[in-house]
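Here the structure comes first, spelled out in structure tokens, and everything after it is commentary.
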Amino acid sequence: MEIGRKLNGRYKITGTVGGGGMAHVYLAHDLILDRDVAVKVLRYDFRDDQDTIRRFKREALAATELVHPNIVSVYDIGEEDNNQYIVMEYVKGMDLKKYIHANFPIPYQKVTNIMDQVLSAVAAAHHSRIIHRDLKPQNILIDESGVAKITDFGIAVALSQTSITQTNSLLGSVHYLSPEQARGGMATNQSDIYSLGIILYELLTGHVPFDGESAVSIALKHFQETVPSVKSYDQRIPQALENVVLKATAKEVADRYKTVYEMQHDLATALSVERRDELKYSPASMMETTKILEPIPLGAASSKEVETAKEKKSSKSKQLENNEKLTKVKNKKTKKKKALLVLLGLFLLSIVVFFLIANSAPKDVSVPDITDMTENEATKFLSENKLILGEISEEANSDVKEGNIIKSDPKAGLSVKENTLINVVVSSGKKTVEFLDYTGESYEEVEAELNKQDFTIERKDESSDTVEPGLIISQNINENEEVIPEDTTVTFTVSTGKAGFEMRDLSGYSEKGVKDYVADNGFNVTITKEYSNEVADGQVISQEPATGTILYVGADISVVISQGPEDIPLKTVKETIQISYEELEEDLPESTNESNGEQLIPNSVTIYMEDQEHKLGTVFQQFEISEDTEIELTFILQEGEKGRYKVVRDGETIQEEEVSP
């Protein structure tokens, strides 16, 4: 995107910040609120992918619900020229990855402080049922005051669900990927906890626990290998602090912290003296041993049978001696056979009962997708899948029709037992809000706030003697009235200040006319007078302010009135000039020459002069001279004015001078 471009006529792009798997981030300036913001713009290769665009918008809207000092705020969401964009808080600083490289080794107290801020933010997100899915140092920003802020909440899911592979993005995230995500399973709150454990590991050691030549090899290590001990890197690390890493990064979800709050509480005391002798944490699943089941003893009956056989043999050898004893032995053998048959029957019966119980136990079924269904439709559909509709709660939603299901718990796709209760959230329709009283507040700030909530804003200007310009005088919606933002048009009456008047053009006004004008409008006037050769005496020469300026009651204006041309006294200046005679010879008739000799020819002299009474182009005097001649010229001049004269002799200018008073 070009530098200098304006998105929505409001956000002027001033530079680039960075980029990720699905978007580019630019630095921009909000021209309305006069502040720097970060603008995340969806990449060109995703602009035709409607699923990605829909997820991009949905996840961005979810992020706007997260208000926390350690979460980057989302200000605005929009689209222009097929550019999907999100306007976010601009954090001046660096991401945690760069912070680790620049400041490692980091004091343990600082490590726990950073992690506490991050955990607090993730806990708030989990409370709002939002899983980050892509926690890594690159998504954690550290501002110049040391405050940690998490960005890209929920945006990662859009990338993970698209069919386009982003190798660089995966390579950047796979170092912090939980084992269940690496296996292709769904992310849970405890998946975020695993990523937080890897981030803590990197803060303590300066590097990630698993690395490899490919993203696949790293992912395999996450669910095959135990995270290396941080104490093997730095023996000074307290065992209690290492235990936080070990428990957060346990391979089995059951061995990890159940909640982020639990991890945050454990980390808070990891540096305390009371826990210095703590034993190393061992996951319960790693301590279980394999149990060997003993076979069911059936030898007792067989040994009795052998004994009976021996007795039979013995009885046969002694049959002749004691017939009565033989009879007793035969009776005893018959009883033992019956007992054996009873035992065998009981054994077979137990096997049958076991299979009956096994077959009658609830089977695993997959939770079907019941979003956008009515309660009756969902009840029937769940029953067909051997599941039961559970608790029903309501939630406002602009995208799902009122009465239809927004989401289920457990979510669609999860495996549960038959007859499990499926709780649902039903749409109560579009979200309503209580409208506030904005009178007396800045219109521009209120407009920006309500635009985020999808209100339509209209402005009506009105003058006011009591409300400052730019503040809201009144609104067309009552305070505490329940409204649906996207269906509501708000009209604000905004003060333009005191009622004003356009300054009139006073050219040609007399002094009296000026005084009447200012009196009618409640102005104050200052009148000065100046000489003017162009404006008639008594009329306005100039005014201040200029014509068209908006003025209010009590405004000060100034007017200059002409006194006509200034009377300047005349002075008489005398100038004496010398005119030299130039001799010219002319041949006379022979009789003349012989009698009188040569004769002189006179010079013709013309004088021009310029003063208050004469113009230089008009002849002042004309005469002839036959010898050098001195004359005096009299000039009539004003103060500061100069006179001029010119002497022409026989058609040739011999003098031309200026004369000053």
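Read the figures in this text as sums done on the coordinates, not as results from a lab. From a predicted model like this one, the values you see are computed outputs, not experimental measurements. Backbone-built Cβ (ideal geometry, glycine too); neighbour counts: all protein chains shown.
Observations
- With 18 Å as the limit, the listed pairs 92/149; 149/431; 57/149 have 149/431; 57/149 beyond it between alpha carbons.
- Working ranking of peptides 135-141, 121-127, 81-87 by packing, defined as the average number of other Cβ atoms within 10 Å per residue, highest first, is 135-141, 121-127, 81-87.
- Within the straight-line cut-off of under 16 Å between alpha carbons, the aspartates and glutamates reachable from residue 498 are 461, 462, 465, 468, 556, sequence neighbours fewer than 8 places apart in one chain being disregarded.
- Packing-based ranking, highest mean first, of 199-207, 653-661, 250-258 given that Cβ atoms within 10 Å are counted: 199-207, 250-258, 653-661
- Value of relative contact order over the stretch 594-661, rounded to a whole percent, pairs C-alpha under 8 Å and six or more apart: 32 percent
- Within the stretch 511-577, the GluC sites (Glu not before Pro) that combine a DSSP coil assignment with at most 15 other C-beta atoms in a 10 angstrom radius are 534, 566.
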